[in-house]
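Structure first, then comments.
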Amino acid sequence: MRRVEALSELGFIGPGPEIVQACTEALKDPEESVRGEAIHSLETLGDPAAVAALREIAEKDPSQDLREEAAEALEELESVARPQDEESQ
């Protein structure tokens, strides 16, 4: 349960490479609750660096619920990234 709580807190610290990496690594945890909290934290952080890892979970996680949550988080991150991409063009 400590890992879930720690991931929850990471989501509110703010984006940064180390935080995104820690949450991304947690997506590989055998505990579904840890992976789920990692998804939520990555969505909260809103860092496009998490897109590839979330896409993999959305496609391959053994839990249907987590695949759906990852797909929703991925959609949110991609919608956040799109306006920035459009501005730079």
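The table below lists the values:
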item: Kyte-Doolittle mean at least -0.5, axial Cα span of 18 Å or more - DSSP H helices of the chain; result: 32-45
item: Options (i) 43, 27, 14; (ii) 45, 33, 16; (iii) 52, 44, 27 - which one matches Cα extents along the principal axes in Å as calculated here; result: (i)
item: Peptides ranked, highest mean first, by Cβ atoms within 10 Å: ranges 10-22, 39-51, 66-78; result: 39-51, 66-78, 10-22
item: The stretch 2-88 - charge dipole about Cα centre, Lys and Arg +1 at Cβ, Asp and Glu -1, debye rounded to 20; result: 280
item: 222 nm mean residue ellipticity, helices alone, for the chain (DSSP H n ≥ 4; -39,500 (n - 2.57); rounded to 500); result: -26000 deg cm²/dmol
item: Modelled label reach - Glu72, point 7 Å along Cα→Cβ, the stretch 2-20 residues with backbone N closer than 20 Å; result: 4-5, 7-12
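Read-outs: derived from the displayed coordinates by stated rules, not from any lab. Note that the coordinates shown come from a computational prediction; the quantities given were computed from them, not determined experimentally. Glycine also receives a Cβ, built like all others from the backbone with ideal geometry; neighbour counts cover every protein chain displayed.
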